[in-house]
Every structure is written in C-alpha cells, then in structure tokens.
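J.: Following this message is one structure expressed as structure tokens.
The values are calculated or read from the model by the stated rules, or taken from the named source; none is laboratory data. Please read these numbers as outputs of a predicted model, since none were measured by experiment. Cβ placement follows ideal geometry from the backbone for every residue including glycine, while neighbour counts extend to all protein chains displayed. These area figures cover heavy atoms from the full protein model, side chains too; ligands, DNA and RNA do not enter into them. Shrake-Rupley method; radii C 1.70, N 1.55, O 1.52, S 1.80 Å.
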Amino acid sequence: MTLEQKSSCVPAAIRLDKWLWGCRFYKTRALAKEMIEGGKVHYNGQRCKASRLVEPGATIKLAQGTDDKIVIVLGLTEKRLSAPLAQQLYQETAQSIEQRAVRAELRKTNSLFAPHPDTKPDKKERRQLLLLKSQQ
C-alpha cells in the first residue's frame, strides 16, 4: 500500500503529539506529549503545546535521544505507519543531517580519550582517583 492510498482520508491538520507518534519519532503519544511539554520540540521555531495543529510545510525541531533533528512536514497521518511510509511524511534538513554527523563523530572520538577500564578500580586506585579529582 502506497502513501497516496494511506493518505486518502487525511485531515488538513493534526495534533503535534499524534503526528510525532505516527511518524515514529517517539514510541508512544504520551512520550511525544512529555517531550513537547518539556520544551524538547519546537514548531516553526517556537515552543508549543501537544494540541498544536501540524500543517504541511511547517518546520519542527525535536530532540531524539542525544541528537536534535530539524524536519519539514510533507504529509499528515492519524495512524502510526510503517517506517518507510512514515519517512515519506517529512524531510530532514541538510543542516540537521550535517550537525548529527558532526556530533556522532565527536561522541566517537570522545570515547577514545576516555576509555572504560576492564575492571572496577580497587581501593588504592579509588583513593588515587579522588586525589587527582580534588587537585583539579
């Protein structure tokens, strides 16, 4: 079933929390609402409520995990779609993709400079770590 067939009964506008859930940005509508109320989602550059009506052409900035995404709304749906169909309802901006790639690279390099040891430090090593931290 194509997106055109699915979107034959789509309204002109839909609630923001429902759209975010339907496009698979968040697992549940409750989580989408929580992110919106927590200020993690901006609609056209402004904080908004979960009941805000989404219209095609709008820009949505959202936090998803450790990444921020900026997407442009291309279509609407009231139902939760499969991932390939859901991805047709929005387009991520080139700037957003570039920033996510830069942040991913920074996370990778940061883990190289602060590797996790194989074992927990013993009592003597913990004392030495505390001394180092207190000197800084």
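J.: How long are the semi-axes of the equivalent ellipsoid of region 42-136, defined as square roots of 5 times the Cα gyration tensor eigenvalues? Whole Å, largest first.
T.: Details: eigenvalues 372, 47, 39 Å².
Working from the Cα gyration tensor, I get semi-axes of 43, 15, 14 Å.
J.: Further question on the same structure: How many percent of the accessible area of region 1-132 is carbon or sulfur, using a 1.4 Å probe?
T.: 54 percent
J.: Contour minus end-to-end for SER82 and LEU53, with contour as 0.36 nm per residue of separation and end-to-end as the Cα-Cα distance?
T.: Additional length available on full extension: 8.2 nm.
J.: Mind checking the alpha-carbon convex hull of region 14-74 and giving the volume per residue in Å³?
T.: 69 Å³
J.: Compare the peptides 123-133, 95-105 by average per-residue count of other Cβ atoms within 10 angstrom and give them in order, highest first.
T.: 95-105, 123-133
J.: So who's got an amide H within less than 5 Å of the one on PHE25, skipping anything under 5 residues away but keeping other chains? H placed 1.01 Å off N, in plane.
T.: Those qualifying (amide H under 5 Å, at least 5 residues apart or on another chain) number zero.
J.: Quick one: order ASP68, ASP17 from most to least accessible surface, probe 1.4 Å.
T.: Per-residue accessible area, sorted high to low, gives ASP68, ASP17.
J.: Looking at the chain, how many pairs of lysines come closer than 15 Å at the Cα, when each pair is eight or more places apart or spans two chains?
T.: So the count works out to 14.
J.: Hey, another quick one. Around GLN128, what is the net charge, scoring Lys/Arg as +1 and Asp/Glu as -1 over all other residues with Cβ under 15 Å from its Cβ?
T.: That sum, taken over residues with Cβ under 15 Å, equals +4.
J.: Further, regarding this structure: Considering only ALA104, PRO117, LEU131, whose Cα is most displaced toward the positive end of the charge dipole of the chain, charges sitting on Cβ of Lys, Arg (+1) and Asp, Glu (-1)?
T.: Of the candidates, LEU131 comes out farthest on the positive side.
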